[in-house]
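One structure below.
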Amino acid sequence: MPTQIRIAYPWLDRAGRLSRFKLAVFLLALAPGLWFTAAYALDQLGGKPLTAYLHAMGDWSVRFLILSLAVTPMRRIANAPKLILVRRMLGLTALAYALFHFTLYIVDQKFDLARVASEIVFRIYLTIGFAGLLGLTVLGVTSTDGMIRRLGKAWPRLHRLVYLLTALALLHFFLQSKIDVSKPVFWSGLFLALMGWRLMHHLKVPSTPLPLLGLSLAAGLATAGLEAAWYALATGVPAGAVLAANLDFAYDIRPAWWVLGVVILIVPLNLWQNRTASGGRGPVARPARTVKA
């Protein structure tokens, strides 16, 4: 009898049953791509629709990459083990948006592959972006259950490259953003917060409200410093002027404050989780767990 091929649909659990949680995340993963595709088809993306479409797909690739890295911290901070069910999906979604981003770039270059290759070689931000895309593709190809079994202990070491690849993706984001780097600064700030949590975990600092409050403040300050350093190096704007802009709310709210606002939300979440886990008796200390990307 012919061997039956079992298709692992992303909305099914390991037993082959429908997972409402995975289905909801899958639909949310599709939503930005469908929205921008429709907006492009209806000519709703401004004077340079293909450029806007291309950049949007790249932006969402970075966002889903950061979300995939947030799964492990949030599993522990919010005591939400179900999040592990969608970590692979989020990572593959980031890869899918990155591949679509690159495909749209080829379309933008009128399918002139020689020119595409030349641009990748001679434009540093494209070189960085393409290197990140190749790395994400390797991680995507090796993310199946079969490859995890084949690679054994080498698999976790290989997939720790996701941190470097995320840094490359963010650097590409910075370089292609030209003058206004508010978006890449914000997402870089969240990346710094996630890496800060991993450092805390490595040092066995408990994920309790006070250390998490310190993490949120450190992430906000690091984001402000990153923005000031970038403008100083890339445009010559004095770092002090950029730092001072964080205290001027007349024009806009700088990315550092947004990062602080997002990261500090984990403090009440952790308080509520501790209270629920202890039946209202107060914080519960949990043993450290091994962090995997």
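Just so you know, all these numbers are worked out from the coordinates, no wet-lab data involved. These numbers come from a predicted model, not from an experiment. When we count neighbours, we look across all protein chains shown, and the Cβ atoms used for this are built from the backbone with ideal geometry, even at glycine.
Numbers below:
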{"quantity": "Inter-label distance for Lys204 and Leu247, nm, one decimal - labels placed 7 Å from Cα along Cα-to-Cβ", "calculated": "4.1 nm"}
{"quantity": "Over the chain: helical MRE at 222 nm, DSSP H runs n ≥ 4 each giving -39500 (n - 2.57), nearest 500", "calculated": "-23500 deg cm²/dmol"}
{"quantity": "At least 27 Å along the helix axis (C-alpha) and Kyte average at least -1.0, DSSP helices within the chain", "calculated": "20-41, 49-77, 87-108, 182-202, 209-234"}
{"quantity": "Cβ-Cβ FRET estimate between Lys183 and Trp11, R0 fixed at 30 Å, reported to 0.05", "calculated": "0.50"}
{"quantity": "GNM top mover of Gly129, Gly33, Gly46 - the chain, alpha-carbon springs below 10 Å", "calculated": "Gly46"}
{"quantity": "Leu27-Arg149 pseudo-label distance in nm [points 7 Å out on the Cα-to-Cβ vector]", "calculated": "3.3 nm"}
{"quantity": "Under 5 Å, built H, 5+ apart or other chain: amide partners of Leu12", "calculated": "Ser19"}
{"quantity": "Inter-label distance, nm, simple model (7 Å from Cα along the C-beta direction), Arg115/Ala239", "calculated": "4.1 nm"}
{"quantity": "The stretch 30-144: projected area of the alpha-carbon convex hull, averaged over directions, in nm²", "calculated": "8.5 nm²"}
{"quantity": "Gyration tensor over alpha-carbon atoms, the stretch 112-182, equivalent ellipsoid semi-axes in Å", "calculated": "29, 16, 8"}
{"quantity": "For the stretch 76-129, convex hull of alpha carbons as volume per residue, Å³", "calculated": "96 Å³"}
{"quantity": "Principal axis box of the stretch 201-260, alpha-carbon based, largest edge first, Å", "calculated": "40, 25, 13"}
{"quantity": "Cα gyration tensor of the chain - equivalent ellipsoid semi-axes, whole Å, descending", "calculated": "31, 30, 18"}
{"quantity": "P(r) histogram, all alpha-carbon pairs of the stretch 38-99 included - 10 Å bins from 0, percent", "calculated": "23, 35, 24, 14, 3"}
{"quantity": "Highest-MSF residue in the chain out of Ala131, Ala241, Ala15 [GNM, Cα springs under 10 Å]", "calculated": "Ala15"}
{"quantity": "Kirkwood Rh and Cα Rg combined as Rg/Rh, the stretch 174-285", "calculated": "1.08"}
